[in-house]
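Nothing in this text is a laboratory measurement; each read-out follows from the coordinates by a stated rule. Values in this document were obtained by computation on a predicted structure and should not be read as measured data. Don't worry about glycine lacking a Cβ; one is built from the backbone with ideal geometry, like all the others, and counts go over all protein chains shown.
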């Protein structure tokens, strides 16, 4: 199943405050964390690179989004 953000979401990505746009595609990552279990991440690293100006971290690390901010998408 695919997911997207329900609304514009104010968040911190790699030390930079950003607004993740409504409708941003996210993916389910099963067993992503040993302490938090399954998590959701922004699907396209370029979205985060464009918003933060950081071209390194978004490629090698997930940007997590809490499930409460997501809805299913096609």
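Odds and ends about this structure:
- Looking across region 39-61 at every residue that is within 11 Å of residue 28 (Cα to Cα) and under 9 Å from the mean Cα position of the chain (by Cα), the one that is surrounded by the fewest Cβ atoms within 10 Å (Cβ to Cβ) is identified as 43.
- Counting only strands (runs of 3 or more DSSP E) that sit completely within region 10-74, zero hold 1 or more residues that are in contact (Cβ under 8 Å) with a residue 60 or more places away in the chain, at positive phi and in contact with a strand residue (DSSP E or B) (Cβ under 7 Å, 6 or more places away or on another chain).
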